[in-house]
């Protein structure tokens, strides 16, 4: 009762105050929303809509020129049971995820480690190692295929001069993917520079303390360096895995140039995967189905599956990286 | 179910999906009716989208000028360098393209069945266009399932190019006419370095070398592609099987690894380092465009051209494969009569065809142009022209998924040439793969 009595006078004032507070709150929300609007609009237009559209189209036969025709699970059935290229392409893509990503990270980390200790001309060395990352991917692939040309390229001529019979590199199904890994290492400057910044940020006191505790070099790396840079390492792994799952440009250009039939426009689809189907990636098949075979419904089904696989892989990866866990290193 | 965020995401995705369906459903098929009589006077601006660039684009521009001269009140707005992908996207997005030119017959199935290019039959009937001036194969590749939505605009044929000096030095007096002769001459012309590697190759049998491929090799055996109901006939064809066996035996005789090593070191096909132009490969199957490249990049090359060699009992000597550029009226055309006039001029005007063929160095697609005295035909170029006129010259059939079945066959063949295996079982699987892909694409 007391409460009721004491609250009674308030009743008069509360209805009067609430609109003021609500208006202020509403205005605050409106301001926040208007600031967020560009991002939300971008997200809706460039992520939610394409995702939704891809899901819908994946259940249709659609060539972009006619209305989509609902075909149920036909595209998914073909994808999982009949497409003769899909398994090979998926395995090639997986190869890049499992080999290319770790190799690039290890090499970038090693170079960053060396550069972080450079005493003389540090700027020059950093520039030299970063520079290849600025070369457009198409140009760097073309240059590499010419450098590694088995007949006329300087690499094999150099190997020949020292008595080694060089491989066919981009023309050999067994060497084409490793050749692209070499290219990937050459252009590792993008992640190397982030590693370098991170390494330079590790407090020196930690190393001194570890040293006083008797930790040797490898132990310092394991117990001081890696935990300290784990957020950056996590970032490199996650972005690397995503990029490898969508690996396209380097493989497509390498196939076109190495096949000796590099061209623009018509005919590019026919060369994808060369030599054999060793460089055929999942996204290349997706591209061919969509833009050369006019099967956007099927290409959408492939895109949906890629999205799901990427999501699962990322969740799996992120759960194993401390920075992404609640209360992790970050 | 109790997570508001998940519910909101689900709602958003559903909304987007519905929007996508609604938007997709808005695409029209673009049918239109035409006037009973062709307009007496044409006036306005008509757009022309084509893929040509550089000098070839200048040739098209000069032909367009001829059209504008014929119709002084018509202006052509030319959009050059627009490849098939851009053309398709533009039409799908509702761009009012009046006339579009594609470099590939692979789009005919898709563009005709979808209505992306309008049905030309009413115009052809109204204006009494005589299509018998088109070679049969050309007529075939410009329509799909009886629907004519394109007209041809220059074509490509293939033939055997040979290095005259090398053949003479080896004592070969005339180019091979059969596959047996081709192999014998090819092996005779092949020379080796001291370490056993290939120095010069008489003929490169690798199926993925330059213009080698199922399409250009089909005339060797008059090979069938698809049945009338769209099923693959490759795997059950005795002719294809024999050609594949011939090619594999040829590769194995020289050695796959040796050939691969040699081929890997050759220059790009469309560069001055082309292996035939450089004298590293002495005979090759190539298209008529090589004459233009050789003239510009290897003026001292003494070469001859002969019809594609054939397998005795299967192929028809003199015939070739033929494909080419196609042109149509976009479904969103705002000026269909102007578009038709331009298309008609480009495809059925003999002088325009000759002018384009002389400039671009491709094959004209009218019999009258093929026989024209104004056509600048060297003896080498004449072989390709004769191939276009040959009644046995064939094209690859159109499907709604473009050249997918040819690419599947090509990939299959490259794999077989390297790894071999049970040919019958592999051919059966090839047919299955092609049929499955065609079923997925639909009619």
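The values are calculated or read from the model by the stated rules, or taken from the named source; none is laboratory data. Please read all numbers here as calculations on a predicted model, not as lab measurements. Don't worry about glycine lacking a Cβ; one is built from the backbone with ideal geometry, like all the others, and counts go over all protein chains shown.
Annotations
- Exactly one residue out of B:258, B:188 is within 14 Å of chain A (Cβ to nearest Cβ), more than 30 Å from residue B:105 (Cα to Cα), surrounded by fewer than 19 Cβ atoms within 10 Å (Cβ to Cβ) and in contact with a strand residue (DSSP E or B) (Cβ under 8 Å, 6 or more places away or on another chain): that is B:258.
- Residue count for region B:199-220, restricted to those that are more than 14 Å from every other protein chain (Cβ to nearest Cβ) and touching a helix residue (DSSP H, G or I) at 6+ places or on another chain (Cβ under 7 Å): 5
- Tally of residues being surrounded by fewer than 22 Cβ atoms within 10 Å (Cβ to Cβ) and more than 11 Å from every other protein chain (Cβ to nearest Cβ) across region B:398-422: 3
Let's see how each residue does on (1) outside any helix (DSSP H, G or I); (2) away from chain B (no Cβ under 12 Å); (3) over 20 Å from residue A:306 (Cβ atoms); (4) touching a helix residue (DSSP H, G or I) at 6+ places or on another chain (Cβ under 8 Å):
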{"site": "A:32", "(1), (2), (3), (4)": "no, yes, yes, no"}
{"site": "A:48", "(1), (2), (3), (4)": "no, no, no, yes"}
{"site": "A:53", "(1), (2), (3), (4)": "no, no, no, yes"}
{"site": "A:56", "(1), (2), (3), (4)": "no, no, no, yes"}
{"site": "A:65", "(1), (2), (3), (4)": "yes, no, yes, yes"}
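- Exclusive hit being within 14 Å of chain B (Cβ to nearest Cβ), more than 26 Å from residue B:274 (Cβ to Cβ) and at pLDDT below 95, set A:157, A:165: A:165
- Residue in region B:293-316 that is in a loop (DSSP other than H, G, I, E, B), more than 14 Å from chain A (Cβ to nearest Cβ), touching a residue at least 24 places away in the same chain (Cβ under 8 Å) and under 30 Å from residue B:345 (Cα atoms) present: no
- Residue A:291 assigned to a helix (DSSP H, G or I), at pLDDT below 90 and facing chain B (nearest Cβ under 8 Å): yes
- Here residue B:425 qualifies as out of contact with any strand residue (DSSP E or B) (no Cβ under 8 Å at 6 or more places or on another chain), more than 9 Å from chain A (Cβ to nearest Cβ), without any contact (Cβ under 8 Å) to a residue 24 or more places away in the chain and part of a helix (DSSP H, G or I).
- Residue match in region B:69-92 (condition: in a strand (DSSP E or B), away from every other protein chain (no Cβ under 12 Å), at pLDDT 95 or above and under 24 Å from residue A:288 (Cβ atoms)): no
- Tally of residues being closer than 13 Å to residue B:370 by Cβ and either without any contact (Cβ under 8 Å) to a residue 40 or more places away in the chain or not in a loop (DSSP other than H, G, I, E, B) (or both) across region B:383-394: 7
- Candidates B:354, B:326: the one that is assigned to a helix (DSSP H, G or I), touching a helix residue (DSSP H, G or I) at 6+ places or on another chain (Cβ under 7 Å) and crowded, with 20+ Cβ neighbours inside 10 Å is B:354.
- The helices (runs of 4 or more DSSP H) found wholly in region A:174-276 and carrying at least 3 residues that are within 14 Å of another protein chain (Cβ to nearest Cβ), in contact (Cβ under 8 Å) with a residue 24 or more places away in the chain and crowded, with 21+ Cβ neighbours inside 10 Å occupy A:249-258.
- With respect to the conditions (1) away from chain A (no Cβ under 14 Å); (2) touching a residue at least 24 places away in the same chain (Cβ under 8 Å); (3) not in a helix (DSSP H, G or I), residue B:380 falls short on a single one, namely (3).
- Taken together, B:95, B:118 contain a single residue that is within 14 Å of another protein chain (Cβ to nearest Cβ), crowded, with 23+ Cβ neighbours inside 10 Å and over 20 Å from the mean Cα position of the chain (by Cα), which is B:118.
- Residue in region B:371-389 that is under 27 Å from residue B:47 (Cα atoms) and under 17 Å from the mean Cα position of the chain (by Cα) present: no
- Between B:230, B:223, B:196, the distinction of being at pLDDT 95 or above and either more than 29 Å from residue A:255 (Cα to Cα) or in contact with a helix residue (DSSP H, G or I) (Cβ under 8 Å, 6 or more places away or on another chain) (or both) belongs to B:223 only.
- All conditions in (1) over 14 Å from residue B:345 (Cα atoms); (2) assigned to a loop (DSSP other than H, G, I, E, B); (3) more than 14 Å from chain A (Cβ to nearest Cβ) hold for residue B:137, with the sole exception of (2).
- Hits in region B:140-192 - residues which are assigned to a helix (DSSP H, G or I) and modelled with pLDDT under 95: B:140, B:141
- Just one of the listed residues (A:183, A:233) is modelled with pLDDT of 95 or more and in contact with a helix residue (DSSP H, G or I) (Cβ under 8 Å, 6 or more places away or on another chain), and it is A:183.
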